[in-house]
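J.: Mind looking over this structure? Questions follow.
The values are calculated or read from the model by the stated rules, or taken from the named source; none is laboratory data. Keep in mind that this is a model prediction, so the values were computed, not measured. Because the Cβ atoms are built from the backbone with ideal geometry, glycine has one as well, and the counts that use them run over all protein chains shown. Only protein heavy atoms, including side chains, enter the accessible area calculation; ligands, DNA and RNA are left aside. Shrake-Rupley method; radii C 1.70, N 1.55, O 1.52, S 1.80 Å.
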Amino acid sequence: MKERLADLGYQLGWSTVKRMPEPVAVALGRRAADSAWRRRGPRVRQLERNLARVVPEADEAALRALSRAGMRSYLRYWTESFRLPVWSGERIGASLRLDDAHHLTDAVAEGRGVVLALPHLANWDLAGGWLVTELGIPFTTVAERLKPASLFDRFIAYRESLGMEVVAHDGGSAFGLLARRLRSGGVVALVADRDLSASGVPVTFFGEPARMPAGPALLAQQTGAALLPVALWYDETPVMRGRVMAPLPVPADGTRAERTAALTQALADHFAEAIAAHPQDWHMLQRLWTADLAPRTTARERAGERPPSGTDGGQPTVRDRP
């Protein structure tokens, strides 16, 4: 029943919000954000715990104000996403200002594959639509399978309507397809600040242990693709901002595991810099740090259950945008 209700909610969002006058949709999203913030449910409390690591100097009042801004940013993401399918190419093209895009376009012009890796900042879907519409650069990404299947199909159709090639995460087959796209000079985009498996790469993130997906680092090593961190954020205007960072060099020495660890830590450091600059736009309402995950893992172990198998490999998953 919970799955069916979630599917119905997303269906209503895509069918209803896109038909509203834009000021009405924006106002509705802000009211929904403020309502969720005032209720201070588990997701909002987790957002505040996460933000407390990002802005450790914030007192309780400042943290509450930041989480309110965070919820408004999060609902801005959803309002835009529900309306994106009916935006014109001109509207999408005018909705993002991307600095240092030459790091991407230069690599594409050279025929080199590119891995774009980014945290859950602002609106990744809008950036993807802009990449296709404004720069004419197609790309591939991966989505984890969801239940019910109709909800998964809905997200696939939505992202494909924006010009993305979306691959279902089915273990090694998805990784192999991404590698083939990169070897042929293609672009792969992965949201990579949260590991959904029990086998992510250990990193230090805002001074605490966490795990992040190995996918971006492994793909860069195996294919020779450029690994480019990306930051997105909102400002006071309707135009989203973004920046493509310089390629991360693959370490020349060490084992594959050591190179993967070094690259993933470098990504984590770039993500931390981007998030610290725009904490209100980091849509992380889930547990991420090892200290928060440990009690849940311990409970599973006591019950004799295996931890969840599989990894998102750094792919954007709709579970991250509940």
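J.: Strands (runs of 3 or more DSSP E) wholly in segment 93-202 with at least 1 residues that are open to solvent by 20 Å² or more (accessible area, probe 1.4 Å) - which ones?
T.: 96-99, 165-168
J.: Here's another thing I want to ask about it. So which pairs qualify, if the first residue must be in segment 195-207 and more than 16 Å from Q286 (Cα to Cα), the second must be small (G, A, S) and open to solvent by 60 Å² or more (accessible area, probe 1.4 Å), the Cβ gap must be under 9 Å, and the two must be at least 6 apart or on different chains?
T.: S199/S309; V201/A257
J.: I've got another one for you. Are there any pairs with C-beta distances below 8 angstrom linking a residue in segment 154-169 that is farther than 20 Å from S88 by Cα to a residue that is part of a helix (DSSP H, G or I) and among the β-branched types (V, I, T), with the two at least 6 apart or on different chains, and if so which?
T.: Filtered contacts from segment 154-169: V166/I156; A168/I156.
J.: Okay, next question. Residue under question is R64, and the condition is that it be over 19 Å from A277 (Cβ atoms), open to solvent by 70 Å² or more (accessible area, probe 1.4 Å) and not acidic (D, E); does it hold?
T.: The answer is no for R64.
J.: Of the residues that sit in segment 69-92 and are more than 20 Å from the chain's Cα centre (by Cα) and charged (D, E, K, R), which one is least open to solvent (accessible area, probe 1.4 Å)?
T.: From segment 69-92, those more than 20 Å from the chain's Cα centre (by Cα) are 86-91; that's our starting set.
This time we only want the ones that are charged (D, E, K, R), so: 90-91.
Working: E90: 141, R91: 80 Å².
My answer is R91.
J.: Pull out all pairs, ordered by first then second residue, where Cβ-Cβ is under 9 Å, the residues are six or more apart or on different chains, the first lies in segment 223-251 and is closer than 16 Å to H283 by Cβ and touching a residue at least 40 places away in the same chain (Cβ under 8 Å), and the second is acidic (D, E) and part of a strand (DSSP E or B).
T.: What qualifies is R241/D99; G242/D99.
J.: Are any residues in segment 36-53 within 21 Å of E236 (Cβ to Cβ) and under 17 Å from the mean Cα position of the chain (by Cα), and if so, which ones?
T.: Correct list: L51 only.
J.: Scanning for something more than 19 Å from the chain's Cα centre (by Cα) and not charged (D, E, K, R), does segment 206-220 turn up at least one residue? Explain how you work it out, then say what you get.
T.: Restricting attention to segment 206-220, the residues satisfying the condition of being more than 19 Å from the chain's Cα centre (by Cα) are 207-209.
Next, from what is left, pick out any that are not charged (D, E, K, R): 207, 209.
Yes, segment 206-220 has at least one match.
J.: Sticking with this one: Restricting to segment 247-284, name every residue that is in a loop (DSSP other than H, G, I, E, B) and open to solvent by less than 10 Å² (accessible area, probe 1.4 Å).
T.: H283, M284 - these are the residues of segment 247-284 that are in a loop (DSSP other than H, G, I, E, B) and open to solvent by less than 10 Å² (accessible area, probe 1.4 Å).
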